[in-house]
Amino acid sequence: MKPLLVLVDQISDWSPYYPTNQVVAISDYLSDYAETKGYVINLCRDYSYLGSGYYGSLLAEARGGQVFPSVRAIRELNSFESGQPLLPKHSRTLENISRKDETHPDRLDLRSFFGITQNAEMASIARRIFEVFGFPVVDVSFTRVQANLWVISSVQVRALDELEEASQTEFAEALDTFSHKIWRTRRSSKRYKYDVAILVNPEEALPPSNKGALKAFEKAGKDLGLNVDFITHRDANRVGEYDALFIRETTQVDHHTYRIAQSAENQGLFVIDSPTDIMRCSNKVYLHETLKRHNVDTPKTHLLLVQQNYNIDDIIEELGLPVIVKIPDGSFSIGVEKAKTREDLLECITRLGERSALLLLQEFMPTDFDWRIGIIDNQVIYACRYFMAKSHWQIYNHSARSNANKSGNADAFAIDKVPKNVIRTALKAAKCMGSGFYGVDLKASGDRAVIIEVNDNPSIDMGVEDLHSGNMLYQQIMGTMLRKLDELNGR
């Protein structure tokens with residue numbers, strides 16, 4: 001049987017149950033655990049984005065554990081909107097339960113412990129709810145909107161300290177059962193027409209692809225037999241009409257790009273960027289933990305849980321000055337600051353700590369340029385050097401008055417001309433994240449190649465990333481999409 005670890009905010013949360021060394025406080029898990037094998041049950045109270053529960057699941061996934069709830073489940077809960085329909089068979093079940101009651105209620109409630117409920121008639125529904133949301137303890141309400149059509153009207157997660165004595169017993173029994181059995185994962189349906197939707201935002205100031213690149217993607221797709229349509233977030237309800245979704249709008253977790261990707265994948269589409277890639281790549285804590293577990297070289301990094309006591313002088317001794325301070329979900333150099341002095345560092349931690357419970361502090365590694373290696377399905381497809389913005393230490397300088405000075409120059413390279421250690425390190429880092437479409441950012445110094453970030457949704461602009469390979473770059477990306485669709489459809 002695989003090992004089991006239980007995460008709580010404080011050990012005292014576990015006081016109604018038998019003491020065990022399998023229960024760990026989130027602060028201890030942050031500092032004392034590396035690789036995590038087996039199952040992780042995350043019972044932290046706050047599952048909001050960047051809360052302790054969110055980080056509990058994020059760190060567990062990054063360290064190799066199979067965690068409940070997953071980060072994806074947390075995002076699905078946080079983006080939940082009342083009125084989600086049930087499967088027809090489950091609506092019929094609720095209708096039958098309601099008819100047996102002489103009052104014929106239009107609302108029914110369910111409490112589920114790891115997909116297990118005391119109401120035998122709702123057993124299959126409880127299991128389905130757990131497959132979708134994956135939370136240890138939830139209260140779910142269902143509402144009839146018409147005959148034989150019931151919807152989920154609310155989903156509320158319950159913390160351990162909210163459980164009365166009878167529910168504490170049910171929880172303990174369900175946990176014991178769950179630790180010996182894991183539910184199957186959801187199966188996606190398969191579709192057979194090759195229609196590709198490219199999600200764009202015509203009003204975006206810095207889109208991942210300019211107009212020329214979008215036209216090149218469209219042409220490459222059609223040359224390969226893919227019907228390509230451009231859609232915006234206003235077309236989200238149409239995404240199920242397609243076989244694949246290619247996102248060319250800047251992605252964020254707490255954003256419609258994630259919700260559309262999630263909806264598309266749930267409907268069986270092949271998606272670039274997948275919700276998993278968006279979640280993993282958008283959070284630098286996940287990236288750091290994953291690369292650390294796989295021995296991929298990164299700048300010296302200190303994870304700081306802001307509400308815990310810390311010694312600023314020990315951090316400076318570890319990392320030196322200046323120190324780079326990052327919020328986990330920043331992009332385009334936003335939320336990344338350089339603290340030159342001890343006072344600057346304290347001020348950065350205090351200010352950025354108001355936005356995230358965790359911060360990353362890293363050694364400063366000055367270089368004239370960063371490498372960007374484009375990788376899809378674990379294959380290198382382009383290489384660029386991005387130079388620092390004028391008189392600035394980053395590629396992007398958002399405070400520059402002139403648009404010409406907001407970003408540095410870039411040049412594309414033949415892949416075989418890139419230092420081998422840069423390519424090797426980039427491939428290793430991308431493989432740690434998955435098999436999606438990534439832009440891997442590195443700094444190189446001598447024999448050392450150091451990962452700065454692995455980005456989902458990397459920039460592909462006509463006249464920049466395609467300067468060396470031209471139309472072949474677009475053909476490689478759309479060709480990968482075609483091949484993946486063939487694989488999904490058994491061709």
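Only the coordinates and a few stated rules stand behind these numbers; no lab work does. As the structure is a prediction and not an experimental result, all values here were calculated from the model. Reconstructed Cβ throughout: ideal geometry from the backbone, glycine too, with neighbour counts over all protein chains shown.
Of the options (i) 153; (ii) 166; (iii) 185, only one is volume of the Cα convex hull per residue in Å³ as computed from these coordinates, and that is (ii). In terms of the mean number of neighbouring beta-carbon atoms within 10 Å, the peptides 344-353, 274-283 order highest first as 274-283, 344-353. In the chain, the DSSP beta bridges split such that about 70 percent are antiparallel, to the nearest 5. With the simple spin-label model, which puts each label point 7 Å out from Cα in the Cβ direction, the residue 141 to residue 99 separation comes to 2.6 nm.
Could you list 214, 175 so that the one with the fewest beta carbons within 10 Å of its beta carbon is first and the one with the most is last?
Result, fewest neighbours first: 175, 214.
When 359, 7 are sorted by how many other C-beta atoms sit within 10 angstrom of their C-beta, beginning with the fewest, the order is 359, 7. In the chain, helical runs assigned H by DSSP with n ≥ 4 each contribute -39500 (n - 2.57); averaged across all residues and rounded to the nearest 500, the mean residue ellipticity at 222 nm is -9500 deg cm²/dmol. Segment residue 321..residue 367, full-extension length gain: 15.0 nm, with 0.36 nm per residue of separation and the alpha-carbon distance subtracted. The order of the peptides 378-389, 80-91 by mean Cβ neighbours within 10 Å, most packed first, is 378-389, 80-91.
What translational diffusion coefficient, in µm²/s and rounded to a whole number, does the Stokes-Einstein relation yield for the range 300-363 at 37 °C and a viscosity of 0.692 mPa s, taking the hydrodynamic radius as the Kirkwood radius over Cα pairs? D = 286 µm²/s. Residue exposure proxy: 416, 377, ordered by other Cβ atoms within 10 angstrom of their Cβ from fewest to most, comes out as 416, 377. Using Cβ point charges alone (K and R +1, D and E -1), the dipole size of the chain about the Cα centre works out to roughly 1580 debye.
Taking 0.36 nm per residue of separation and subtracting the Cα-Cα distance, full extension of the segment from residue 350 to residue 22 would add 114.8 nm. Annotation: amide H-H contacts under 5 Å for residue 153 (H modelled 1.01 Å from N, sequence separation of 5 or more, or interchain): 83, 141, 142, 143. With the simple spin-label model, which puts each label point 7 Å out from Cα in the Cβ direction, the residue 79 to residue 31 separation comes to 3.5 nm. Residues of the range 272-291 falling in the label zone of residue 233, defined by backbone nitrogen less than 20 Å from a point 7 Å along Cα to beta-carbon, are 272-283. Modelled spin labels at residue 89 and residue 173, positioned 7 Å past Cα toward Cβ, are 2.6 nm from each other.
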